[in-house]
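Okay, so here's the structure we're looking at.
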Amino acid sequence: MDFYVLKQPSAKADRVACDLALTMWERNQRVFVATESETACKQLDELMWQHPEGRFLPHAPADHADAGKAMVKIGTLSALNTAGVVIILCPEAIPQPDKFSRIVEIVPCADEERKTSRVKFRAYKELGFTPRTQEIDK
């Protein structure tokens, strides 16, 4: 379980999620990017067609007809079922985190948004996990 802490106010969690999803896909891992809403899911879907620039990240919204074939899925926690890696862009903790091989929490730079990540960090520790933190300077 990793908490990637964005150091720069200009850093965008959704772009970091795209970069991480691409890296995981290149390692042949199934990825689910958990968004906070259907609107956020649609925005991330659009971004994944453009970012990272010059690269193609094959993906699908979790409710799409071909989502079962996609190595990278995007959706809300209610659509989360199978994945090796879960990238969290939503304010809720992942239910049953032990079902996944890796969980990546992207912690925004803004103090108010960091509070939510701190709550999740403590919740995972209470479940017996040892979350790691890493600062991202993008």
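The values are calculated or read from the model by the stated rules, or taken from the named source; none is laboratory data. This one's a predicted model, so the numbers in the text were calculated from it and none came from an experiment. Every residue, glycine among them, receives a Cβ derived from its backbone with ideal geometry; neighbour counts consider all protein chains shown. The protein model used for the area step is the full one, side chains on, heavy atoms only, and it has no ligands, DNA or RNA in it. Shrake-Rupley method; radii C 1.70, N 1.55, O 1.52, S 1.80 Å.
So, of the residues in the stretch 54-72 that are in contact (Cβ under 8 Å) with a residue 24 or more places away in the chain and out of contact with any Ser or Thr (no Cβ under 9 Å at 6 or more places or on another chain), which turns out to be nearest to Gln43 (Cα to Cα)?
Residues of the stretch 54-72 in contact (Cβ under 8 Å) with a residue 24 or more places away in the chain: 55, 57-59, 62, 71-72.
So of that shortlist, the ones also out of contact with any Ser or Thr (no Cβ under 9 Å at 6 or more places or on another chain) come out as 55, 57-59, 71-72.
On the way: Arg55: 18, Leu57: 15, Pro58: 15, His59: 13, Met71: 19, Val72: 15 Å.
Here the residue is His59.
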Please determine whether any residue of the stretch 75-85 is out of contact with any Pro (no Cβ under 8 Å at 6 or more places or on another chain) and closer than 18 Å to Ile136 by Cβ. yes
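Kindly evaluate Thr116 against the criterion of being free of Cβ contacts under 8 Å to residues at least 40 places away in the same chain and polar (S, T, N, Q).
Numbers: free of Cβ contacts under 8 Å to residues at least 40 places away in the same chain: yes; polar (S, T, N, Q): yes.
Here the answer is yes, as Thr116 does meet what is asked.
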Among all residue pairs at least 6 apart or on different chains, which show Cβ distances below 8 Å where the first residue, located in the stretch 10-34, is in contact (Cβ under 8 Å) with a residue 60 or more places away in the chain and the second is outside any loop (DSSP other than H, G, I, E, B) and among the hydroxyl-bearing types (Ser, Thr, Tyr)? Val16/Tyr4; Leu20/Tyr4
Restricting to the stretch 95-113, name every residue that is closer than 12 Å to Ala13 by Cα, in contact (Cβ under 8 Å) with a residue 40 or more places away in the chain and not small (Gly, Ala, Ser). Val104, Glu105, Ile106, Val107, Pro108, Cys109
Any idea how many residues of the stretch 15-49 are under 19 Å from Val5 (Cα atoms) and among the small types (Gly, Ala, Ser)? 3
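Taking the stated definitions as given, is Arg55 over 16 Å from the mean Cα position of the chain (by Cα) and of a type in the set (Lys, Arg)?
Working: over 16 Å from the mean Cα position of the chain (by Cα): yes; of a type in the set (Lys, Arg): yes.
Here the answer is yes, as Arg55 does meet what is asked.
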For Lys115, state whether it is outside any loop (DSSP other than H, G, I, E, B), open to solvent by 30 Å² or more (accessible area, probe 1.4 Å) and not hydroxyl-bearing (Ser, Thr, Tyr). yes
